[in-house]
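Report on one structure; see the data block that follows.
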Amino acid sequence: MKEPLTDFGFEHIPFSEKTERVKDLFSKVAYRYDLMNDLMSLGLHRCWKKSFIHRLPLQPESRILDVAGGTGDIALQLQKAYPHLRLEISVCDLTPSMLEEGRDKAINQGLLKGLDWFCGNAEQLPWPDDSFDIYTVAFGMRNIADKPQALKEAWRVLKPGGWFFCLEFSQVTIAPLAKLYDAYSFRILPKVGQWVSNNQEAYQYLVESIRQFPNQQQWQQDIQQAGFQQVSFENWSGGIVALHWAQKA
């Protein structure tokens, strides 16, 4: 029996291969990952992430799991914006070198309390049931091989009443903007990636992975099928990105 296939950009590969290929790719670009985000979004990712953290239903001493947390942008912004809430944030990422970049940033910014760093897979999280108040994932869900399984794990580790928040590149809803966005993504960005980091492949994959990710309505249905309720989404920047949120009843 053949192993089921998943996407790696526009390429279709066995599920078992994607995790290692994503890990290898991000290991190579970890030291330039923040610059990659700036180039891919023309710097807008900083505004999107700032808006994202201000939408979270935070309470004093909330336990937050930031999955595919990469270099720690969400966790560090939360700690800087809400020091009075004494948040407990666990950052989980597949790639050790990405976590190392995040820890270095935290040390450099003097943000040492309330942060823990874990190397782990979103499809098999190393925490017991009902552990967290909020699960966040920003621009990382499309890199996960088995997204339905990752959603089930999100539901499992959230406490009853806990919230799932996902920020991800999505499907542009304004036709003229979509044409400009495609031209930038496929014609310009990979060449810039080659020039900046000598890694055109990484930029090509990231662009393709955006196109392969479910559109807003399909992703909403996927979240509902994982058991979540009050599932909603909101388009930002004409649908270049979308914020999805849901609650574990």
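The values are calculated or read from the model by the stated rules, or taken from the named source; none is laboratory data. If you're wondering where the values come from, they're calculated on a predicted model, not measured in any experiment. Heads up, the Cβs are rebuilt from the backbone with ideal geometry, glycines too, and the neighbour counts pull from every protein chain shown.
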Checklist entry - Can you find even one residue in the range 85-105 that is surrounded by fewer than 16 Cβ atoms within 10 Å (Cβ to Cβ) and without any contact (Cβ under 8 Å) to a residue 24 or more places away in the chain? => result yes
Checklist entry - Within the set of pairs 6 or more residues apart or between chains, which connect a residue that is touching a residue at least 24 places away in the same chain (Cβ under 8 Å) inside the range 5-22 to a residue that is of a type in the set (Gly, Ala, Ser) and surrounded by 14 or more Cβ atoms within 10 Å (Cβ to Cβ) with Cβ atoms less than 6 Å apart? => result Thr6/Ala145; Gly9/Ser209; Phe15/Ala145; Lys18/Ala145; Thr19/Ala145
Checklist entry - For the subset of the range 133-175 comprising residues that are aromatic (Phe, Trp, Tyr) and not in a loop (DSSP other than H, G, I, E, B), which member is surrounded by the fewest Cβ atoms within 10 Å (Cβ to Cβ)? => result Trp155
Next on the checklist: Could you check the range 89-119 and list, in sequence order, the residues that are assigned to a loop (DSSP other than H, G, I, E, B) and touching a Leu at 6+ places or on another chain (Cβ under 7 Å)?
Outcome noted: Gln109, Leu111, Gly114
Item to check | Matching residues in the range 35-54 - criterion: being under 13 Å from Asp73 (Cα atoms) and in contact (Cβ under 8 Å) with a residue 40 or more places away in the chain | outcome: Leu35, Asn37, His45, Trp48, Lys49, Ser51, Phe52
Checklist outcome for this item: Exactly one of Glu208, Glu234 is in a helix (DSSP H, G or I) and acidic (Asp, Glu), and that residue is Glu208
Item to check | Residue check, Gly120 modelled with pLDDT of 95 or more, in contact with a Cys (Cβ under 6 Å, 6 or more places away or on another chain) and among the small types (Gly, Ala, Ser) | outcome: yes
Checklist outcome for this item: Of the residues in the range 148-183 that are among the acidic types (Asp, Glu) and without any contact (Cβ under 8 Å) to a residue 60 or more places away in the chain, the one that is nearest to Pro128 (Cα to Cα) is Glu153
Checklist entry - Is it the case that Gln109 is within 30 Å of Val196 (Cβ to Cβ) and either surrounded by fewer than 20 Cβ atoms within 10 Å (Cβ to Cβ) or among the hydroxyl-bearing types (Ser, Thr, Tyr) (or both)? => result yes
Item to check | Among residues of the range 186-202, those that are touching a residue at least 60 places away in the same chain (Cβ under 8 Å) and out of contact with any Gly (no Cβ under 7 Å at 6 or more places or on another chain), counted | outcome: 6
Checklist outcome for this item: Those helices (runs of 4 or more DSSP H) completely within the range 1-86 that have 1 or more residues that are under 19 Å from Asp133 (Cβ atoms) and out of contact with any strand residue (DSSP E or B) (no Cβ under 9 Å at 6 or more places or on another chain) are 44-54, 73-81
